[in-house]
1. Report P(r) for the chain: all Cα-Cα distances, bin width 5 Å, range 0 to the bin holding the largest distance, values in whole percent.
2. Hey, what do the phi angles of the stretch 28-35 turn into as Karplus ³J(HN,Hα) couplings, whole Hz, using 6.51/-1.76/1.60 and θ = phi - 60°, x for Gly and Pro?
3. Return the sequence-ordered ³J(HN,Hα) values of the stretch 137-152 in whole Hz as given by the Karplus equation 6.51 cos²θ - 1.76 cosθ + 1.60 applied to θ = phi - 60°, using x for Gly and Pro.
4. With charges set only on the Cβ (+1 for Lys and Arg, -1 for Asp and Glu), what does the dipole of the stretch 6-178 come to about its Cα centre, in debye to the nearest 20?
5. When the Karplus curve 6.51 cos²θ - 1.76 cosθ + 1.60 is applied with θ = phi - 60°, which whole-Hz ³J(HN,Hα) does each residue of the stretch 67-81 get, with x for Gly and Pro?
6. Take every DSSP beta bridge with both residues inside the stretch 6-178 and express the antiparallel ones as a percent of the total, to the nearest 5.
7. Given a 10 angstrom Cα cut-off, can you work out which residue in Arg147, Arg31, Arg70 is the most mobile in a GNM of the chain?
8. Name the long-range amide H neighbours of Ala103: under 5 Å, sequence gap of 5 or more, or other chain; modelled H, no Pro or chain starts.
Amino acid sequence: MPVVQGAAKTTRFFDRIAPWYDRINAQIYKRPWLERVRSEIQGMRVLDVGVGTGYTTGNLATSVGMDLSREMLKRARYRGHLIRADLMHPPFRAETFDTLVFAGSFYYLPSPYEGTKIVADLLRPGGRVLILSPATQLLAPFVRVYRPGDYRRFMEGARLRIVHYERLNWAACLVIAEKPNA
Ligand SMILES: C[S@@+](CC[C@H](N)C(=O)[O-])C[C@H]1O[C@@H](n2cnc3c(N)ncnc32)[C@H](O)[C@@H]1O
């Protein structure tokens with residue numbers, strides 16, 4: 001069972017590690033992964049869920065960065081708009097975004113099925129969700145690790161279509177799913 005689960009524990013965990021987050025992240029989040037994720041962002045209206053300190057989308061003036069943790073947001077370097085909110089209760093209208101990004105945050109959602117339905121609701125038809133996540137079961141004692149079949153089930157349950165699954169190295173994967181045009 002992973003150590004950090006649910007909004008309250010996740011918020012406390014990231015509030016606590018926020019002062020060291022960038023130094024820890026520099027050891028874990030590989031530069032080519034960042035470039036890969038950025039290369040897949042489409043459209044102007046981007047929502048970065050679990051934006052943290054802004055590492056993935058901080059360069060985009062039109063993006064919205066959302067996070068549970070006030071301490072992470074306080075440290076964010078971000079050109080776009082930052083908001084403290086929970087993806088499970090999003091303060092946005094349906095079909096607002098072209099791209100949703102989860103860089104190291106999807107596996108903290110309390111219910112991936114419910115979370116994916118919320119993602120589908122927030123995306124415009126033709127829009128995409130990008131998920132950068134752990135892919136090896138070696139990390140399962142610390143975080144939830146989903147297999148390709150899990151992602152397929154989450155996406156199908158929300159009527160999203162996986163268009164790409166890529167192992168980035170032994171530890172991480174990138175999942176891309178699309179909301180079909182009506
Ligand atoms: C590992 S950090 C990733 C930060 C950033 N995306 C990066 O790549 O550096 C995960 C972040 O997701 C946030 N988070 C987790 N669950 C969330 C939720 N339900 N809604 C909003 N943010 C969430 C946490 O507070 C944390 O800041």
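1. All Cα pairs, binned at 5 Å, distribute as 1, 8, 18, 23, 23, 17, 7, 1, 0 percent.
2. 9, 8, 6, 3, x, 5, 4, 5
3. 3J(HN,Hα) across the stretch 137-152, in whole Hz: 5, 4, 8, 4, x, 9, 9, 6, 10, 9, 8, x, x, 5, 4, 4.
4. 280 debye
5. Each residue's phi maps through the Karplus curve to give 7, 6, 8, 4, 5, 5, 4, 4, 9, 6, 9, 8, 7, x, 9 Hz.
6. Details: 13 of 30 bridges.
Taking every DSSP beta bridge with both residues in the stretch 6-178, the antiparallel ones total about 45 percent.
7. Arg31
8. Sorted by chain and number, the residues that satisfy this are Val49, Leu132.
Only the coordinates and a few stated rules stand behind these numbers; no lab work does. Just so it is clear, the model here is predicted, and its values are computed rather than measured. Glycine gets a Cβ as well: all are built from the backbone with ideal geometry, and neighbour counts include every protein chain shown.
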